[in-house]
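Down below is the structure, laid out as C-alpha cells.
The values are calculated or read from the model by the stated rules, or taken from the named source; none is laboratory data. It should be emphasised that the depicted structure is a prediction, and the values quoted were computed from it without experimental measurement. So basically every Cβ, Gly included, is an ideal-geometry build from the backbone, and we count neighbours across all protein chains shown.
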Amino acid sequence: MAEVRITGLHKRYGAFHAVRGIDLDIRDGEFTVLVGPSGCGKSTLLRTIAGLEESSEGTIEIGGEVVNDFRPRDRDVAMVFQDYALYPHMNVAKNIGFGLKARKMPKPEVDARVAEAARMLGITPLLGRFPRQLSGGQRQRVAIGRAIVRNPRIFLFDEPLSNLDAQLRDEMRGEIKRLHQDIATTMIYVTHDQIEAMTLADRIVLMRDGMIEQQGAPLDLFERPASTFVAGFLGSPRMSFLPGTLTLDGSAAAIRLSEALLPVAPGRSLNGAIDGQAVLLGLRPEHLTRAHAATPAQGTFRYDATIDLLQPTGSRSYATFRLAGAPVMAELQAHDVSRPGERLPIDINMNRASIFDAKTERAI
Amino acid sequence: MAAVAPVRRPKRRSIPVGRILLLGFFLVFVLWPLYWMFNTSIKPSDDYLTVPPVWFPTAPTLVHYEAALFAYRGLDGLINSLIISLSATVLSALFGTLMAYSLARYNTGGQHLSFWVLSQRFLPPIGIVLPVFLIYRGVGLYDTHIGLIIAYTVFTLPVSVWMMFAYFRGMPKSMEEAALVDGCTRWEAFWRVAVPLAAPGIVAAAVFAFIACWTEFFFALILTSRSAFTLPTVFRAFIGFQGAQYGEAAALAIVSLVPSIALGVLAQRHLVRGLTLGAVRG
C-alpha cells in the first residue's frame with residue numbers, strides 16, 4: 001500500500017508531446033480512474049508509473065520514494081493489461097505464480113498464494129488449463145489473479161474490460177470494485193468509458209491532450225464540470241448545450257435563448273460574468289422533467305415542448321425537443337410521454353444547470 | 001390432412017476428377033525424379049542407360065553406396081556436412097534470435113540497420129569468395145570446420161534475422177511487459193517469455209538455415225580441400241574423365257536426402273506455424 005505523487009511529468013515521443021505537465025497526488029488506498037478520449041495520454045501516464053515508459057521530465061514518487069530510475073520489477077506495482085497478456089505457454093497456475101517464482105519465492109509458498117488468489121477469484125477449477133482454453137472473462141480473472149497474488153503496493157489497470165462484451169463488462173466491473181473494497185490497495189485504472197469511471201472511482205482524473213482537464217470525486221465532476229469538455233464527456237446521454245446570452249439585471253440573472261428567458265438560480269455565483277456575455281447553457285437529460293404541478297417550483301423554468309424524437313428504454317424514455325432552435329434531451333418517465341409530436345409542458349431545473357462561457361468553454 | 005414429407009435423397013458428392021488428375025500429375029512430377037534416382041542407385045552399372053529403361057532392377061546392388069561412401073569419401077563429406085551445417089544452424093538461430101529481438105523491440109540502429117542486414121544477401125557470392133579465400137589462407141581458416149562454420153553462419157544470418165524480426169514484431173509486447181512488471185529483468189522477460197513464444201519462428205528460421213548450409217556448394221568448393229570438404233563437393237568426383245558415375249552419384253544423393261527429410265518431419269509442426277510469421281497464435 002502506498003500513495004503516489006506525480007510532479008511536473010512530461011512524456012515526449014520525438015516531436016509528439018503525449019503527457020504535458022501532470023501533477024497528481026493519489027492517496028493510499030484510493031481508487032483513481034484516469035479517463036479521457038483515446039490519445040489523451042492516460043495510458044502513457046499509467047505506463048510511466050509502471051516504469052514501462054521513461055518520463056521525459058518530472059518525478060514519480062511511490063510511497064515517498066522517487067522511482068524514476070527504478071526498473072518496473074523494483075517498483076512493486078502490478079498491472080492488468082487490456083489484452084490480458086497472459087503467458088500462452090504456461091497454464092493458469094503458472095501464469096499466476098510466475099511473478100512470485102521470478103522473485104525466487106519458495107515453491108510451497110507460491111502454491112499456497114496461487115491457491116488463495118484462485119479461490120478469491122473463483123478460478124480454482126481452471127488452474128490446470130492454458131489461456132487459449134479460457135473465455136475472455138476467465139482470462140481477465142487470471143490476469144487479475146496474477147496481479148493480486150503478488151500483494152503489490154499499487155494496482156494498475158490499463159482498460160482491462162474493453163475487450164469483453166457488455167454483460168461480462170458489467171459483471172467484472174462489479175468484481176473489481178469489490179476487490180478494491182476487500183483489499184483496499186491503491187488502484188489506478190485507465191479507461192475511456194465514462195460509466196466505468198463514474199462507478200469505480202473514488203476520484204476521477206479526466207484528461208485531455210496530455211493534461212488534466214479536471215479531477216475530483218465522480219459526483220463533483222458530474223454536477224460541477226469545469227468545462228464543456230468534462231460536461232460532455234461524463235453522463236450518458238450527453239449534456240445538451242444551448243447557446244444564449246447572459247443578462248444581469250441587478251441581483252436577478254437570466255439566460256436569454258432567443259425568445260425564452262431562463263432565470264438563473266438565485267444565489268448562484270456568477271463570478272466575473274458580465275451582462276450580455278455569450279454563454280452555453282448545459283442541461284442534462286435528468287434536469288428536465290414533465291411538469292405536473294400547476295405552477296413551476298422555485299428555480300425551474302417551464303417550457304411547452306413539442307417532442308420530435310422519442311427513445312424509450314423501458315422504465316424511462318429519452319425525449320428530444322427543440323428549445324430556441326437547439327436540440328435538448330429530457331429523461332422522462334415512460335408513462336409521461338407516448339409518441340413523437342406530442343406537446344408537453346417540461347420543467348427545466350435551473351438549480352442544477354451548468355453555465356459555460358461560450359468562447360473559452362469554461363464553467364462560469 | 002397429413003402432409004407426406006418428400007423423401008430427401010442425400011446429396012452424393014461427385015468424384016472430383018479434376019482435382020485427382022491435378023494431384024496425380026503433381027505427385028508424379030515430384031516423385032518421379034526421386035524414384036529414378038533411387039532406382040539408379042541400386043542398378044548395376046550396365047543398366048543405367050539402356051533402351052528401353054530398366055524400371056525395376058532384377059539384381060539390386062549396394063556397390064554404388066559402398067563406393068560413394070568409402071572410395072569417394074562420401075562418408076567423410078557427410079560427417080563434415082553434419083558438423084558444419086548443424087553448428088552454423090545453431091549459431092545462426094542463436095545470433096539471429098538475439099539480433100532480431102533487439103531490432104524488433106529496441107529499434108536498434110533505427111530503420112536502416114535492419115535493412116542493411118538483409119542487404120548483405122544482395123552481394124553475389126562470387127564477388128566475395130576470392131577475398132574470403134585469401135583471408136582464410138592468411139589466418140589459417142582454409143579447409144577447416146571452423147572456417148566454413150563462420151562463413152555459413154554469416155551467410156545464413158540475414159535471412160534468420162529477417163524471419164525472426166517479422167516474428168517478434170508480430171508478437172504483442174504486452175506479455176513481455178507483464179513479465180517485467182511481474183518481476184523479471186529484461187533478459188528474463190526475453191528468455192522466459194519471448195523465446196518460448198517465438199519457438200515456431202526460431203525453428204522455421206533454423207530449418208531454412210540448415211537447408212541452405214546443407215546444399216551449399218560454391219563456398220565449400222573454394223574454401224575447403226582434403227579435410228573439411230562437405231557432401232555437395234564430393235559430387236564433383238562423379239563426373240570425371242572416365243565418364244559419369246551415375247550409380248554413385250544417385251546413391252550419395254539418396255544419402256544426402258536423409259537428414260533433410262528427417263529434419264523436415266521433426267520440424268513440420270513448427271514449420272507451418274513459423275512460416276505464417278506470427279499470424280497464428282495459440
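Restricting attention to segment B:92-124, the residues being assigned to a helix (DSSP H, G or I) and closer than 22 Å to B:Ala189 by Cα number 15.
Inspection of segment A:139-150 finds a residue satisfying the criterion of being closer than 9 Å to A:Val92 by Cβ, at pLDDT 90 or above and not charged (D, E, K, R).
Might you let me know whether segment B:168-185 holds any residue that is closer than 30 Å to B:Leu78 by Cα, of a type outside the set (D, E, K, R) and within 12 Å of chain A (Cβ to nearest Cβ)? Among the residues of segment B:168-185, not one is closer than 30 Å to B:Leu78 by Cα, of a type outside the set (D, E, K, R) and within 12 Å of chain A (Cβ to nearest Cβ), which makes the answer no. Note on segment B:189-228: among residues that are in a loop (DSSP other than H, G, I, E, B) and in contact (Cβ under 8 Å) with a residue 60 or more places away in the chain, the one that is surrounded by the fewest Cβ atoms within 10 Å (Cβ to Cβ) is B:Arg226.
Applying the criterion of being in contact with a Gly (Cβ under 8 Å, 6 or more places away or on another chain) and closer than 22 Å to A:Arg75 by Cβ to the residues of segment A:139-165, the residue that is surrounded by the fewest Cβ atoms within 10 Å (Cβ to Cβ) is A:Arg153. Does B:Ile202 meet the test of being within 14 Å of chain A (Cβ to nearest Cβ) and under 17 Å from the mean Cα position of the chain (by Cα)? Spelling it out, B:Ile202 is indeed within 14 Å of chain A (Cβ to nearest Cβ) and under 17 Å from the mean Cα position of the chain (by Cα). Taken over segment B:70-89, the criterion of being over 13 Å from the mean Cα position of the chain (by Cα) and either closer than 30 Å to B:Val159 by Cα or crowded, with 20+ Cβ neighbours inside 10 Å (or both) is satisfied by B:Tyr72, B:Gly74, B:Leu75, B:Asp76, B:Gly77, B:Leu78, B:Ile79, B:Asn80, B:Ile83, B:Ile84, B:Ser87. As for segment B:53-69, it holds at least one residue that is in a helix (DSSP H, G or I), outside the structural domain of B:Trp187 (by TED's automatic domain parsing) and without any contact (Cβ under 8 Å) to a residue 24 or more places away in the chain.
Conditions tested, residue by residue: (1) assigned to a helix (DSSP H, G or I); (2) among the β-branched types (Val, Ile, Thr); (3) farther than 16 Å from B:Ala104 by Cβ.
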| residue | (1), (2), (3) |
| --- | --- |
| B:Ala151 | yes, no, yes |
| B:Val161 | yes, yes, no |
| B:Glu176 | yes, no, no |
| B:Ala251 | yes, no, yes |
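Every listed requirement among (1) of a type outside the set (Val, Ile, Thr); (2) more than 10 Å from every other protein chain (Cβ to nearest Cβ); (3) assigned to a loop (DSSP other than H, G, I, E, B) is met by A:Arg150 save one, (2). Annotation note: Cβ proximity below 9 Å between a residue of segment A:140-153 that is more than 22 Å from A:Ala2 (Cα to Cα) and a residue that is surrounded by fewer than 23 Cβ atoms within 10 Å (Cβ to Cβ) and of a type in the set (Asp, Glu) (sequence gap 6+ or interchain) occurs for A:Arg141/A:Glu175.
Taking the residues in segment A:306-322 that are β-branched (Val, Ile, Thr) and either assigned to a strand (DSSP E or B) or not assigned by TED's automatic domain parsing to the domain that holds A:Leu332 (or both) as candidates, determine which candidate is surrounded by the most Cβ atoms within 10 Å (Cβ to Cβ). Filtering segment A:306-322 for residues that are β-branched (Val, Ile, Thr) and either assigned to a strand (DSSP E or B) or not assigned by TED's automatic domain parsing to the domain that holds A:Leu332 (or both), the one surrounded by the most Cβ atoms within 10 Å (Cβ to Cβ) comes out as A:Ile307. Of all residues in segment A:41-64, those satisfying the criterion of being more than 14 Å from chain B (Cβ to nearest Cβ), of a type in the set (Ser, Thr, Tyr) and under 24 Å from A:Arg27 (Cβ atoms) are A:Ser55, A:Thr59.
When each of B:Leu130, B:Leu134, B:Leu141, B:Leu180 is tested for being under 19 Å from B:Ser85 (Cα atoms) and either among the acidic types (Asp, Glu) or modelled with pLDDT of 90 or more (or both), the lone residue that passes is B:Leu141. Applying a threshold of 6 Å to beta carbon distances and a minimum spacing of six or more residues, or different chains, the list of pairs starting in segment B:122-143 at a residue that is within 18 Å of B:Thr230 (Cα to Cα) and ending at one that is of a type in the set (Val, Ile, Thr) reads B:Val129/B:Ile222; B:Phe133/B:Ile222; B:Asp143/B:Thr224.
Across segment A:81-138, the qualifying residues are those that are of a type in the set (Ser, Thr, Tyr) and crowded, with 18+ Cβ neighbours inside 10 Å, and the one among them that is farthest from the other protein chains (Cβ to nearest Cβ) is A:Tyr84. Checked against the criteria, A:Asp202 does not count as under 25 Å from A:Glu65 (Cβ atoms), within 14 Å of chain B (Cβ to nearest Cβ), charged (D, E, K, R) and under 17 Å from the mean Cα position of the chain (by Cα).
A count restricted to segment A:153-168 and to residues that are under 17 Å from the mean Cα position of the chain (by Cα), modelled with pLDDT under 90 and away from every other protein chain (no Cβ under 14 Å) stands at 1.
I'd like the full set of residues that are of a type outside the set (D, E, K, R), surrounded by 16 or more Cβ atoms within 10 Å (Cβ to Cβ) and farther than 24 Å from B:Leu94 by Cβ, limited to segment B:134-150. Hit for segment B:134-150 is B:Tyr142, nothing else. Return a yes/no flag: does segment A:65-78 have any residue that is surrounded by 17 or more Cβ atoms within 10 Å (Cβ to Cβ), closer than 28 Å to A:Met172 by Cβ and more than 10 Å from chain B (Cβ to nearest Cβ). Checking segment A:65-78: not a single residue is surrounded by 17 or more Cβ atoms within 10 Å (Cβ to Cβ), closer than 28 Å to A:Met172 by Cβ and more than 10 Å from chain B (Cβ to nearest Cβ). Is it the case, given these coordinates, that A:Ser43 is surrounded by fewer than 18 Cβ atoms within 10 Å (Cβ to Cβ), farther than 22 Å from B:Val193 by Cα and modelled with pLDDT of 90 or more? Against the criterion (surrounded by fewer than 18 Cβ atoms within 10 Å (Cβ to Cβ), farther than 22 Å from B:Val193 by Cα and modelled with pLDDT of 90 or more), A:Ser43 does not qualify. Only one of the listed residues (B:Ser160, B:Ser174, B:Ser92, B:Ser114) is at pLDDT 95 or above and out of contact with any Pro (no Cβ under 8 Å at 6 or more places or on another chain). That residue is B:Ser92.
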